[in-house]
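A.B. asks: First the structure, then my questions, so here it is.
Each value in this text was obtained by applying a stated rule to the coordinates, not by laboratory testing. None of these values were measured; they are calculated from a predicted model. Note that each Cβ is placed from the backbone with ideal geometry, even for glycine, and that neighbours are counted across all protein chains shown.
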Amino acid sequence: MPGIHHVTAIAGDPLRNFDFYTRDLGLRFVKKTVNFDDPSTYHFYYGDETGRPGTILTFFPWAGAPAGRRGVGETHQTAFRVPLKSLGYWTQRFVEKGVSHQPLEKRFGEQVLPFTDPDGTALALVGVAGIESEPGWSNGDVPAEHAIRGFQGVTLLLDSAEKTAAILTDVFGFREAAREGSVIRYIAPGDANGSVVDIYEAKGFLRGHQGRGSVHHIAFRAADDAQQAEMAEKLVRTHGQHPTEQKDRNYFRSIYFREPGGVLFEIATDIPGFAVDEPVETLGRDLKLPKFLESYRKEIEGVLPVLEEAAS
Ligand code: ZN
């Protein structure tokens with residue numbers, strides 16, 4: 001099943017990030033681990049009950065990180081799906097919780113509620129009819145009927161769509177579906193979570209620079225190692241890209257490359273998933289470390305800020 005696997009962004013204060021996503025948005029905290037490339041900092045994963053591909057938003061919380069600046073060569077917005085009739089509930093919730101948001105707007109015929117998290121990360125809720133019956137994780141505060149049903153997709157702000165679009169369609173299985181103004185919509189078959197990539201073409205805009213509130217990278221799905229290898233081969237052969245060697249991220253295995261528009265892309269396997277080192281019932285409760293870091297657990301725990309227990 002093609003589509004987005006996860007989106008990873010940069011946050012500031014870890015506790016503020018944790019509170020916003022678990023309480024205000026009601027996502028499940030599916031994994032508490034560290035950045036494998038910088039184990040003195042956290043890596044947080046939020047998603048649905050099991051953290052299915054297409055529902056996972058992850059953060060590198062770097063306390064004191066300077067604010068990013070949005071611009072060309074970056075992810076412009078990350079959008080979640082909610083049932084169409086839940087947009088009223090969410091608008092009211094954002095007012096009550098003081099979540100910074102904009103008026104509802106229409107995009108490709110859909111109702112979109114743009115908002116930002118406390119670090120300025122650009123997000124949106126898209127009202128989608130007919131997804132009421134899809135399971136939604138409930139933290140006991142946001143009722144299950146209104147819960148977020150994973151990603152709708154992302155908007156990339158690029159100088160030019162052409163080369164990026166060629167990778168989306170040829171390697172990741174998307175197809176061009178519609179155009180509206182300067183935005184071209186690509187969709188993956190299946191109409192599942194994370195099946196939309198919009199490219200907003202803005203020639204000559206200022207380049208973005210990454211910091212707090214920026215998306216660090218976007219990961220696309222590969223079923224397994226074999227499919228990932230096929231995609232890598234295609235990237236080299238047809239698109240002149242040079243993806244990295246495979247890295248074991250414990251919950252998936254990944255390769256990375258910077259796409260021609262400037263955005264860091266990852267290809268992550270659907271397997272093995274988040275229940276590989278703790279049961280589904282208690283996902284996110286304990287600090288999980290990969291084997292190569294387990295012997296440093298004491299030191300690592302000593303430098304990480306303490307989080308309160310999740311609301312549920
Ligand atoms: Zn990633």
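A.B. asks: Please identify which residues in region 22-53 have an amide N closer than 16 Å to a label point set 7 Å out from the Cα of residue 281, following the Cα→Cβ vector.
C.D. replies: 50
A.B. asks: Now for a different question. Which order do the peptides 116-125, 75-84 take when ranked by the mean count of other beta-carbon atoms within 10 Å per residue, highest first?
C.D. replies: On the way: 116-125: 20.4, 75-84: 22.5.
Result, highest mean Cβ count within 10 Å first: 75-84, 116-125.
A.B. asks: GNM on the chain, C-alpha springs below 10 Å: top fluctuator among 51, 181, 71?
C.D. replies: 181
A.B. asks: When the gyration tensor of region 211-312 is built from Cα positions, what are the square roots of 5 times its three eigenvalues, in whole Å, from largest to smallest? Display every interim value, and only then the final one.
C.D. replies: Values: eigenvalues 188, 57, 37 Å².
Over the Cα atoms of region 211-312, the ellipsoid semi-axes are 31, 17, 14 Å.
A.B. asks: In the structure shown, do any of 247/298; 247/288; 163/288; 32/247 have a Cα-Cα gap over 27 Å, and if so which?
C.D. replies: Details: 247/298 25 Å; 247/288 18 Å; 163/288 38 Å; 32/247 19 Å.
Cα-Cα > 27 Å for 163/288; rest within.
A.B. asks: For region 4-311, count the residues as N, evaluate 2.2 N^0.38 Å, and divide the Cα radius of gyration by that value, please. Kindly include the intermediate steps, with their values, before the conclusion.
C.D. replies: Values: Rg = 18.4 Å, N = 308, 2.2 N^0.38 = 19.4 Å.
Compactness ratio reported: 0.95.
A.B. asks: Residues with beta-carbon under 11 Å from that of residue 24, excluding residue 24: net charge, scoring Lys, Arg +1 and Asp, Glu -1? It would help to have the intermediate numbers written out before the result.
C.D. replies: Numbers: positive: 16, 23, 93, 97; negative: 19, 96, 117, 141.
Every neighbour counted, the sum reads 0.
A.B. asks: Still on this structure, I have one more. With a 10 Å Cβ neighbour count serving as the proxy for reagent exposure, in which order, fewest first, do 37, 19 appear? Please list the in-between numbers first.
C.D. replies: On the way: 37 9, 19 16.
Fewest-to-most Cβ neighbours within 10 Å comes out as 37, 19.
A.B. asks: Under 10 Å, Cα contacts only: if you run a Gaussian network model on the chain, which one of 173, 261, 302 comes out with the highest mean-square fluctuation?
C.D. replies: The residue with the greatest mean-square fluctuation here is 302.
A.B. asks: To continue, here is another question. To the nearest 20 debye, what is the magnitude of the charge dipole of region 224-312 about its Cα centre, counting +1 on the Cβ of each Lys and Arg and -1 on the Cβ of each Asp and Glu?
C.D. replies: For region 224-312, the charge dipole is close to 360 debye.
A.B. asks: Let me ask something else. Can you list residues from other chains, or at least 5 along the same chain, whose modelled amide H is less than 5 Å from the amide H of residue 212?
C.D. replies: Under 5 Å from the amide H of residue 212: 67, 68.
A.B. asks: Report the net charge of residues surrounding residue 101, where surrounding means a beta-carbon distance below 14 angstrom and charges are Lys +1, Arg +1, Asp -1, Glu -1.
C.D. replies: In short, -2.
A.B. asks: What number comes out for the charge environment of residue 150, summing +1 per Lys or Arg and -1 per Asp or Glu over other residues with Cβ under 13 Å away?
C.D. replies: +1
A.B. asks: Spin-label point model (7 Å from Cα, Cβ direction): what's the residue 100 to residue 132 distance in nm?
C.D. replies: Each label point is offset 7 Å from its Cα along the Cβ direction, giving 3.5 nm.
A.B. asks: Just how far, in whole angstrom, is region 26-64 from region 92-121 if you go by their alpha carbon centroids?
C.D. replies: If you average the Cα positions of each part, the centres end up 22 Å apart.
A.B. asks: In whole percent, what relative contact order does the chain give with Cα contacts below 8 Å and a gap of six or more residues? Each step should come with its number before you reach the end.
C.D. replies: Numbers: 728 pairs, mean separation 76.6, N = 312.
Reported relative contact order: 25 percent.
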